[in-house]
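Q: One structure, pasted below without further comment.
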Amino acid sequence: MTIDIILVSLAYGALIGTAITAYFYNRFYKKYNTQLKEAFRLLQQKSLIKLEDYYFYEQMGMYGFGFRVSLIKIIMKGKAFQLEKNRWVTPEAKQVLIENFDWAWVKDFYKLLACIMGLGLVFFVSGIIIKYR
C-alpha cells in the first residue's frame with residue numbers, strides 16, 4: 001500500500017514536472033525563435049545552407065524549434081557535415097554564427113531537454129510498475 005502511494009506520487013510529480021518543463025520550452029521558443037530565423041536567413045544569404053534545409057522545421061513552429069536548435073549545435077562544432085548527398089555545411093558557417101549571434105542559451109536548452117526526457121522516463125516507469133504490480 002505504501003509503495004503504491006510512493007509510485008503514484010512519483011508519477012504525478014513527473015507529470016507536473018513535465019508540464020513545468022514544457023512551459024520553459026515554450027519560453028525558449030518565444031525568446032529565441034527570431035534569433036534562429038535570422039541566423040538561418042544569414043547562412044542562406046551567404047550560400048552556406050539552402051532554404052529547404054530548415055524551412056519545413058521553421059514552418060512547424062514550436063514543434064520544429066528543437067530540430068533547428070540541434071542543427072545550430074552541429075554547425076557550432078565547427079566541422080564540415082553532410083546535409084544531403086552532394087551538399088555539405090562548411091566550418092565557415094560557425095564563424096558567421098559566432099560573429100553575429102550569442103549562442104550561450106543552447107547549452108541551457110539541452111539541459112532542459114535532458115530534464116524533460118528524465119521526467120518522461122520516471123513517469124513511464126512509474127506507470128509500468130503501477131500497472132503490473
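Here, each number is a calculation from the coordinates, and none is a lab measurement. Quick caveat, the model's predicted, so the values are computed rather than measured. Positions of Cβ are backbone-derived with ideal geometry, glycine not excepted, and every protein chain shown enters the neighbour counts.
Q: Per residue of the chain, what 222 nm ellipticity follows from adding -39500 (n - 2.57) for every DSSP H run with n ≥ 4, rounded to the nearest 500?
A: That comes out to -26000 deg cm²/dmol.
Q: Measure up LYS30/LYS94; LYS30/LYS73; LYS79/LYS107 against 30 Å on the Cα-Cα distance and list the ones that go over.
A: In this structure, not one pair exceeds 30 Å between Cα atoms.
Q: Give the value in nm², to one decimal: projected area of the alpha carbon convex hull of the range 51-107, averaged over all directions.
A: For the Cα atoms of the range 51-107, the hull's average projected area reads 4.2 nm².
Q: Separate question: Roughly how many debye, to the nearest 20, is the charge dipole of the chain about its Cα centre, given +1 on each Lys and Arg Cβ, -1 on each Asp and Glu Cβ, and no other charges?
A: 120 debye
Q: Separate question: Tell me which of PHE40, THR18, GLN59 sits at the most positive position along the dipole axis of the range 1-124, charges placed on C-beta atoms (Lys, Arg +1; Asp, Glu -1).
A: Towards the positive end, the residue furthest out is PHE40.
Q: Further question on the same structure: Towards the positive end of the charge dipole of the range 89-133, with charges on Cβ (+1 Lys, Arg; -1 Asp, Glu), say which of LEU97, ALA114, GLY127 has the farthest Cα.
A: Among LEU97, ALA114, GLY127, the one farthest towards the positive end of the dipole of the range 89-133 is GLY127.
Q: Quick one: putting +1 on the C-beta of Lys and Arg, -1 on the C-beta of Asp and Glu, what dipole do you get for the range 52-123 around its Cα centre, in Debye to the nearest 20?
A: 300 debye
Q: Within the range 40-133, list the chymotrypsin sites (Phe, Trp or Tyr not before Pro) lying in a DSSP loop whose Cβ has at most 16 other Cβ atoms in a 10 Å radius.
A: Counting only loop positions with at most 16 other Cβ atoms within 10 Å, the chymotrypsin sites (Phe, Trp or Tyr not before Pro) in the range 40-133 are PHE101, TYR132.
Q: How compact and how long is the range 14-133, expressed as Rg and Dmax of its alpha-carbon atoms in Å?
A: 17.2, 59
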